[in-house]
Amino acid sequence: MIDIPREISSLSELFAFIEGSCTENLVDEKTVFALNLAAEELFTNLVRHNVGGSDVIRVGLEINPERIEMRLVDFNVQKFDPNSVDDVDIDRPAEERQPGGLGIHLVKSIVDQLTYAYKAGEMTVTVIKNRGENV
């Protein structure tokens, strides 16, 4: 686990952590790409949209032969369940859609599971990506 400063400029530190952990565990490039893309979208959303927040966001990776579990934990934030937001209808023209939600839609399309949990001011976003799956 690593604590990353709660700033968009910290994305390079996030990517270095993911890539270093994945390199050590021989994770294929397509899976690393998917994890980086998911992490970028989720981290950016936590920084920009969560009300409150501490100075850091904690990121952890658990890598085993079958799958990778990535967790982002945001501290001292108000409760918000992104699953309560309606899914984006990507078949509708852009001018007919409500703004927002495309990033989460993208993340859901490239990972195998995306969950959120909230308890006592902590929001945890968990991504599961099966190893060797194509993006």
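What the table below lists for this structure:
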| item | result |
| --- | --- |
| Residue within segment 81-97 that is at pLDDT below 70, hydroxyl-bearing (Ser, Thr, Tyr) and either closer than 18 Å to Asn45 by Cα or surrounded by fewer than 15 Cβ atoms within 10 Å (Cβ to Cβ) (or both) present | yes |
| So Leu72, is it touching a residue at least 12 places away in the same chain (Cβ under 8 Å) and more than 16 Å from Asn130 (Cβ to Cβ) | yes |
| Ile68 vs. criteria closer than 18 Å to Pro5 by Cβ and surrounded by 19 or more Cβ atoms within 10 Å (Cβ to Cβ) | no |
| Pairs where the first residue, in segment 100-126, is farther than 20 Å from Leu61 by Cα and the second is modelled with pLDDT of 90 or more and of a type in the set (D, E, K, R), C-beta under 7 Å, 6+ apart | Gly103/Glu41; Leu106/Glu41 |
| Test for Ser54: is it modelled with pLDDT of 75 or more, out of contact with any Ser or Thr (no Cβ under 6 Å at 6 or more places or on another chain) and either over 23 Å from Met1 (Cβ atoms) or surrounded by 14 or more Cβ atoms within 10 Å (Cβ to Cβ) (or both) | yes |
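The values are calculated or read from the model by the stated rules, or taken from the named source; none is laboratory data. Since this is a predicted model, take the numbers as computed values, not measurements. A quick note on method: Cβ atoms are made from the backbone with ideal geometry, for glycine too, and the neighbour counts reach across all protein chains shown.
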